[in-house]
Amino acid sequence: QVQLVESGGGLVQAGGSLRLSCATSISIFSINAMGWYRQAPGKERELVAAITRAGTTNYAESVKGRFTISRDNAKNTVHLQMNSLKSEDTAVYYCRATLPTVYYWGQGTQVTVSS
């Protein structure tokens, strides 16, 4: 079992920034990929950004140029730096760890962007 603990959500004005963190209970090198997903009310959960063990990143088109995913190997933590936030970024953000045969979700953290 892998525990994922997210932090950093909150309320911010449009144009502002937030940094989300996801700490894992195992070595991050044991994880194939770490991802941030989000789910807005009435919508399906969607991928926001992901980073592989090799450091390859990918982003949803809607956040490219505004969000950056990074990894702190020493702290087994993945961050999501979110800049130029928009009201449509409002959602619950979830961290996911993908291992070879299973994946785990964090509990989610609310991000609310006021216009």
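Give just the number: which of (1) more than 14 Å from the chain's Cα centre (by Cα); (2) surrounded by 15 or more Cβ atoms within 10 Å (Cβ to Cβ) does HIS79 not satisfy?
Going through the list (1) more than 14 Å from the chain's Cα centre (by Cα); (2) surrounded by 15 or more Cβ atoms within 10 Å (Cβ to Cβ), HIS79 breaks only (1).
For the range 19-30: of the residues being open to solvent by less than 30 Å² (accessible area, probe 1.4 Å) and modelled with pLDDT of 95 or more, which is farthest from the chain's Cα centre (by Cα)?
Per the criteria, the residue is THR24.
Has the range 94-103 got any residue that is out of contact with any Pro (no Cβ under 6 Å at 6 or more places or on another chain), open to solvent by 70 Å² or more (accessible area, probe 1.4 Å) and of a type in the set (D, E, K, R)?
Checked the range 94-103: no residue is out of contact with any Pro (no Cβ under 6 Å at 6 or more places or on another chain), open to solvent by 70 Å² or more (accessible area, probe 1.4 Å) and of a type in the set (D, E, K, R).
Take GLN39 and decide whether it is in contact with a Phe, Trp or Tyr (Cβ under 9 Å, 6 or more places away or on another chain), closer than 20 Å to SER114 by Cα and open to solvent by 60 Å² or more (accessible area, probe 1.4 Å).
yes
Do the conditions hold for THR90, that is, is it in contact (Cβ under 8 Å) with a residue 12 or more places away in the chain and open to solvent by 40 Å² or more (accessible area, probe 1.4 Å)?
So THR90 fails the test.
The values are calculated or read from the model by the stated rules, or taken from the named source; none is laboratory data. Owing to the predicted nature of the structure, the values given are computational and were not obtained by experimental measurement. Neighbour counts run over all protein chains shown; Cβ positions are idealised from the backbone, glycine included. In case anyone asks, the SASA skips ligands and DNA or RNA and just uses the protein heavy atoms, side chains included. Shrake-Rupley method; radii C 1.70, N 1.55, O 1.52, S 1.80 Å.
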